[in-house]
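Below is one structure, written out as structure tokens; comments come after it.
The values are calculated or read from the model by the stated rules, or taken from the named source; none is laboratory data. None of the values given here were measured: they were computed from a predicted structure. Using ideal geometry, Cβ is built from the backbone for each residue, glycine included, and neighbour counts are taken over all protein chains shown.
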Amino acid sequence: KYYLNQVFRGGIWFIAAFTLFFLLVNAFEYYTWSSPWVRTVLFYTYLALNLFILIRLIIIPLMKLFRIGKTMKEEEAASIIGAYFPEVKDKLINTIQLKKLSEENGTLELLEAGIEQKTKTLHPVPFVKAIDLRKNRKYLKYAIPPVLVIIILLFASPSIITEPSQRLINYRLQFERPMPFSVHILNDKLEVMQHDDFILMVQAKGEELPAGMYLSSNANILPFRKESPGLFSYTLNKLQQDMQFNIIAEDYNFGPFYLKVLPRPVIINYEVALIYPPYTGKKNEIFENTGDFVVPEGTYAEWKVITRDTRSIMFRFPGDTVRLQSQGSNAFKYKMRLFNSLTYSISAANEHLLNPDTLAYAITVIPDIYPTAVFEEFRDSVYDKRLYFRGQIGDDYGFTGLTFNYEFLNNFDSTKIEGRVVKNEVLFSPDQTKQLVFHHFDLSTLAVGPGDEIQYYFEVWDNDEVNGYKSSRSHKMIFRAPSLEDINEQTETENREIKDEMEDIIRESQMLQLEIQKLNKQLINKETLSWQDKEQVRNLLNQQQQLQDRMELMEEKNLEKNSREQQYKEVDEEILLKQQQLQELFDEVMSDEMKALFEELQKMLDELRKEDVQEMLEKMEMSAEDIEMELDKTLELFKQLEFDKKLSETIEKLNKLAEDQQKLSEESADKSNDKEEMSAEQEEMNEAFKEIREDMEEIDQLNEELEKSHELMETEDMENSIQEEMNNSLEQLQDGKMKKAGQSQEKAGEEMKEMAEMLFNMQMQMQQQANAEDINVLREILENLLITSFEQEELIADLNNTSFADPRYQEVIKHQFELQENMEIIKDSLYALSKRQAMIKPFVTNEVDKINKSIEDANSYLQERKKGEASMAQQYVMTSVNNLALLLSEVLDQMQQMQNMDMPGNSSCNNPGQGKPGGMPQSMGEMQKQLNQQMQKMKNGKDNPGTEGEQGSMDGQGQKSLSEQFARMAAEQEAIRRQMQEYLDELKAAGETGDGGMSKLMEEMEKTELDLVNKRLTEETLKRQEEIYTRLLKHEKALREREKEERRESREAKSQEYSNPDNFLEYKRILSKEVELLKTVPPDLKPYYKRKVNEYFYNFGN
């Protein structure tokens, strides 16, 4: 009954759906007159839907009704019954489940009882009533209305049902709706060129005209544009191929129609091969489907055009057209070389289209630009002839040459050819388009004189192989050498500044000593140091350091002044020697020992005790005093040098002016010369003599500044006479009295020569007199030193033979104090002499300080009754006095040699060292030999003392003579060792490595000195001396052989400054950075953009 109910219900739904869909499809076809394919879709869709409903709602329930296939299970039936009868609920399902359990587990009395009980409960329920067929009547309301509509339409207007049904059944046929009008295409031909637009014109004729019209093609319905009643148009855009279309108007379909598309000549693909000039370094490129290019000048362009339906290709250039005919292929080629920018077009043609569209392009040709050269000039702050250049050269592709060019615009030497350009090659990178260039040029190689003018510039050539190499120049730079007047004026100004600075430093050094003494007094009564005390010590050290820094700056300034002056002036050799000696004094004002002392004091600041501070202050006071003395001495020597230099220059100027005056007098005798030119020259000479008179006044002032001024000759009358003659000659020249003018000029020249000779003789006399006085003073100092040495030796002997209780012990102390006073006198004399003689080096005064220190120690030990320490201090005194005497003896010899020379002060050697170590002093071997002989004689004398009477005579004067001999031999050995040490220092300064065993040799000499001081003369000592002499001879022989070797020939050392000095290391870093930046420029950039990038980096770098 359940399945029967489903069949009844399904039949009602099927009738409803069948009739309803039938009405809908019929109505659609009735109004639309659809196309065959639409009717096909409608027909089969209608059948499919009805068939689906029939199977689903009728056939499947019938099959189950007749138990065909899968049927309802007991549980499903129980669920339906339980839903219909509420009183049953789950009882029926439980009964079925109990039954299944009993079947699975066998008969169990408990299960059977449960089933029987539930069955009795369900037995009165009528299950058949769960299915009621009458309930299907409510679904008839969906099926009856469509059936009634169909019946009514069949009786009222059968065509509404039959005609659409007929067309749907014959869905493959094309049915035309009855047309109330006709359609006419107005176009002459249905033909159009490919890719063109086609305007389709259609006109409708008839009693009824359509309101609209549509074009149907490829399932697309497109509306026509209504131009007027019955006239329609439609534009077909960019037609590619033949087209079939229909025209639809008011549901009427006209057609089909066919539109033919004619082939258009088409450029399918084209490529341009660009062959760049080799010098550009650009790789050849091929571009596809583009015709706009930016290329270098001289580039070859080759076009290859691939076409379709094309018979010819035309290239149109300004003023020229090139037509290429087809050769049975669709490819066309054309090649040309590009020198100028141009526009061009490419077009294709065939038999259907003779005037086709064209492709217009533009080619930009970048001409090879001129290279650029921008340079900056830098000059050495001291040697302004040393020129340094930093510049940037640029080009679009590279370079072939770079030169530094110079020419003389004005030269003091008439042998030089003015205007002749000299070129020097400069290193550069040929392929780098933007690069920094560094160059150095030393004008001293050109013998530039005062007042010279040299013009120089850089010139760069590019690598343009198309138009030829082009060049550009940097801006022209001019070097103007200062005139002699400018040099003298600058030198005088700097001299005044140096003197003022030295005087200021001396004053500050004196103030520093006072502050040290004041602090030392404050600390006497203090047990510990406060923070303020340490800060005062620190401030004093800082002041001392500031003095040291100022002295170093002053030393550099003096060196720069001398170097600058020597670039343009020929300074007298004697003045050069004095300048060198003075510069050495500047270097030695702050000795290495003094600098080491200050460094040590700085390190001790953090851990200071009262005793350390007092010792420190004492050392600082002594150092400040030494600095003051050395600076005072240097200042006096500086003033003396300034005086000598000014006097020599004035004499030289006077001689030169005298020669010029005499030459002018000879020219004045020739009446053909122009008197105005002669007057102008005479006027210049008058001015020059006025400057000489000013120099004479300055010489007087410089002489007055000296502590010991010279007696200068009076030249006022002679100067007035010369000035009067020169003024007379000028007046006579202006009046045309050439002969008289010549006589006055000649007289003035003679008087100037006489004055110059007098000044020269005065200068020589002053120097000789001063040297003679200094030699006498030095000789007296040496005699006093020898006396002091002998007296110290006697005191040593007396101290050894005197006990503390002996009354003579106080005499020894008194005598030792007298020696101290004598050394103070010697020190003052030496200091006064050193202010006049630069040969008295600072180490001489240092030796005097050591002697005084040893004497003070000896006095202290004597008063404290420490005989051993006192005796050792006295030995040090005697040794130091002997050493000092030996040093001063050498200075005396040098001064006497200079006194005996024709040119006092000229100490040039026959074989100068040319800037390198002059070799080992040749006298050392001979000196060592003589010393060995003396020691051997003394040893022989000690081994054979003679008779007893002779032995007794050794007391007194004999013992004194023996001690003196030991002291002299020790001093001689120390002098030899010092010479060797100086020679080693010269080797190291010249860059030599290794000492050839000389250091060990000097250690052996020190052992000998110690033996001689202690009066020990053994066989071991003599053997050591022979070994020292032998090794000295070997060193001297090796030195002579090296000097004779041709490939080691001595040459003049030249101060070389290379093109990349330390001052420009920062520029090298900028260059490497800019090079790295330039490397990042992408290589495939167009030349225009690459040029812009390079300009950016260039501007960025600047």
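Quick notes
- Whichever residue in the range 365-380 is assigned to a strand (DSSP E or B) and not charged (D, E, K, R) and, among such residues, is nearest to ALA301 (Cα to Cα): VAL365
- Filtering the range 352-364 to residues that are surrounded by 18 or more Cβ atoms within 10 Å (Cβ to Cβ) and in a strand (DSSP E or B) leaves only ILE363.
- Unique match (being among the charged types (D, E, K, R), within 26 Å of LEU140 (Cα to Cα) and modelled with pLDDT under 85) among ARG67, ARG56: ARG56
- When the strands (runs of 3 or more DSSP E) confined to the range 384-483 are screened for residues that are surrounded by 19 or more Cβ atoms within 10 Å (Cβ to Cβ) and outside the structural domain of VAL294 (by TED's automatic domain parsing), those reaching at least 2 such residues are found at 386-394, 399-410, 434-442, 453-462.
- Checked against (1) farther than 17 Å from PHE14 by Cβ; (2) at pLDDT 85 or above; (3) not small (Gly, Ala, Ser), TYR46 passes all but condition (1).
- Residue that is nearest to THR364 (Cα to Cα), among those in the range 276-314 that are assigned to a strand (DSSP E or B), in contact with a Ser or Thr (Cβ under 8 Å, 6 or more places away or on another chain) and modelled with pLDDT of 90 or more: VAL294
- Residue among LEU1001, LEU962 that is in contact with a helix residue (DSSP H, G or I) (Cβ under 9 Å, 6 or more places away or on another chain), part of a helix (DSSP H, G or I) and modelled with pLDDT under 75: LEU962
- Every test in (1) in contact with a Pro (Cβ under 8 Å, 6 or more places away or on another chain); (2) farther than 15 Å from TYR406 by Cα; (3) not in a helix (DSSP H, G or I) is passed by ILE487 save one, and that test is (3).
- Matching residues in the range 282-321 - criterion: being among the basic types (Lys, Arg), surrounded by fewer than 18 Cβ atoms within 10 Å (Cβ to Cβ) and closer than 28 Å to THR433 by Cα: LYS283
- For the range 333-351, the condition of being surrounded by 15 or more Cβ atoms within 10 Å (Cβ to Cβ), in contact (Cβ under 8 Å) with a residue 60 or more places away in the chain and outside any strand (DSSP E or B) holds for at least one residue.
- Among the residues making up the range 253-272, a single one is under 60 Å from the mean Cα position of the chain (by Cα) and of a type in the set (D, E, K, R): GLU271.
Here's the yes/no breakdown for (1) under 60 Å from the mean Cα position of the chain (by Cα); (2) surrounded by fewer than 15 Cβ atoms within 10 Å (Cβ to Cβ); (3) over 30 Å from PRO296 (Cβ atoms):
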| position | (1), (2), (3) |
| --- | --- |
| THR235 | no, yes, yes |
| ILE248 | no, no, yes |
| ASP251 | no, yes, yes |
| LEU274 | yes, no, no |
| THR280 | yes, no, no |
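- Residues that are touching a helix residue (DSSP H, G or I) at 6+ places or on another chain (Cβ under 9 Å), within 14 Å of TYR31 (Cβ to Cβ) and at pLDDT below 80 within the range 160-178 comprise just one, PHE175.
- A residue that is closer than 30 Å to LEU259 by Cβ and loosely packed, with under 15 Cβ neighbours inside 10 Å can be found somewhere in the range 162-172.
- Taking the range 706-729 as the range and being in contact (Cβ under 8 Å) with a residue 40 or more places away in the chain, surrounded by fewer than 21 Cβ atoms within 10 Å (Cβ to Cβ) and closer than 19 Å to GLU667 by Cα as the test, only ASN727 passes.
- Any chance GLY749 is at pLDDT below 85 and of a type in the set (Gly, Ala, Ser): no
- Residue ID - farthest from the chain's Cα centre (by Cα), chosen from residues in the range 315-326 that are outside any strand (DSSP E or B) and closer than 26 Å to ASP368 by Cβ: GLY319
- Residues that are among the polar types (S, T, N, Q) and without any contact (Cβ under 8 Å) to a residue 24 or more places away in the chain within the range 648-672 comprise just one, SER672.
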